[in-house]
1. Count neighbours as other Cβ atoms within 10 Å of each site's Cβ, and list the GluC sites (Glu not before Pro) in the stretch 199-284 that are DSSP loop with at most 16 such neighbours.
2. At 0.36 nm per residue, minus the direct Cα-Cα distance, what do Gln251 and Ser98 gain on full extension? Give it in nm, one decimal, please.
3. Describe numerically, in nm with one decimal, the distance between label points set 7 Å from Cα along Cα→Cβ at Arg243 and at Val262.
4. Consider just the alpha-carbon atoms of the stretch 207-277 and return their Rg together with their Dmax, both in angstrom.
5. Taking all pairs of distinct Cα atoms, average 1/r, flip it, and tell me the Kirkwood hydrodynamic radius of the stretch 151-269 in Å to one decimal place.
6. With each label point set 7 Å from Cα along the Cα-Cβ vector, what nm distance links Thr74 and Ala375?
7. Largest first and in whole Å, what are the equivalent-ellipsoid semi-axes of the stretch 97-172 based on the Cα gyration tensor, each being the root of 5 times an eigenvalue?
8. Using a Förster distance of 25 angstrom, determine the FRET efficiency expected from the C-beta separation of Val174 and Thr112, and round it to 0.05.
Amino acid sequence: MKMKKTGKILILTVLAASLAGGGYWFVKQRAAQDPEKRYRTAELARGNVTQAVSANGTLNPVVLVSVGTQVSGTVRKLHVDFNDKVKAGQPLLELDDSLVSASARQSAASITSAQASLDLAVANEARMKALLAEEFVSKQEYDQAAQVLRSARAQLAQAQAQHARDQANLGYTVIRSPVDGVVIDRVVDLGQTVAASFQTPTLIKIAQDLSEMRIDTSFAEADIGAIREGQKAKFTVDAFPDRQFDGVVQQIRLNPVTQQNVVTYNVRISVANPDQILLPGMTAYVTIGVRQRENVLLVPNAALRFKPADSAPAAPAGASAGGPPSPGAGGGKGRARAGQGATVHVLESGQLKAVPVQLGITDSRNTELVSGELAEGVRIVVGENGGPAKAPSSVGMRMF
């Protein structure tokens, strides 16, 4: 008897749960059939829209000087370090000058020897000239003495040139700053040996002025046609995510870069950095407004992406299936262009009605409505509050 009673209680519990679930499903199904509750709508309003193109770039100083060396040697002294401010002509580091000094002393001795040879040649030439006048020597002997004099003068000039080169190399052992600026990179340490060969090694990098910077970025060929010098640009950096900075398009370089069949062009943007909070090497997320419309009807992009679950009317020719995406650095493919067709939906007499429209420019949220049977204040469908209604399952609850 006790087993039978327990079984009845279990069956009644399962039936009660089934009835509760069925009631909840019925209420939800009724709510889903009510268009006013099922669909989310937005009012068609007027406003301004700006179409922009975007790309990533790198912040760099306007003038970045790479200081190298013309002579080889070991770093003997370091006068500056990272972030130090320097003046033009200020010593940055010194190389060991032992070998260069020895060469300079050797060339100085060569000058003394060449000068002595020249003095002797001058005396011999004068003596041979006097003897030639008295016809005690031949013309050939005099010519030989004159040739020795000219050779001695050439040897002296050669020794002086060698000494001047050694003196210059001796001066190059002290590396000086060519400009006023700040040290942003030092790639050598005390005691390190640097070798000057066919390519001058870089020892220190100096940014001339960090209050003015530039952004070097690349835009796809689909976007480059709308960019002009002098256009205003806005950008953000990861270091200050809540702050937006301003810049101006300075130059559009004509040299294309092709990578994996994608053609891009370098665009340089000038940036004022009076507080010097923007640092070299930061990644900048640049946006350039290329087109703007004021006081136009705006369609939310969500309305262009919306498709009813129970019906999918065919979009007019030229319409984008998913509505215009937000403009970005994707090269412009699929972007809404002036005159492009699309379809939006409105609620009319409790039913969805598809309305074809013509679109203009777009931003990340709204798109310009160029023409169509819609007026300001009309509410258009932008989505559904819940999932679409489903037919009841044919698999019932199993009874025990």
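Only the coordinates and a few stated rules stand behind these numbers; no lab work does. Everything numeric in this text was worked out from a predicted model, so none of it was measured. Cβ sites come from the backbone with ideal geometry, for glycine too, and all protein chains shown count toward neighbours.
1. Values: sites: Glu212, Glu221, Glu229; in loops: Glu229.
Within the stretch 199-284, the qualifying GluC sites (Glu not before Pro) (loop, at most 16 other Cβ atoms within 10 Å) are Glu229.
2. On the way: separation 153, 0.36 × 153 = 55.08 nm, distance 4.83 nm.
Result for the pair: 50.2 nm of gain on full extension.
3. 3.0 nm
4. 13.6, 41
5. Values: mean 1/r = 0.0506 Å⁻¹.
It works out to 19.8 Å.
6. So the two model labels end up 9.1 nm from each other.
7. On the way: eigenvalues 266, 15, 8 Å².
Working through the eigenvalues yields semi-axes of 37, 9, 6 Å.
8. Values: r = 26 Å, r/R0 = 1.06.
Calculated transfer efficiency: 0.40.
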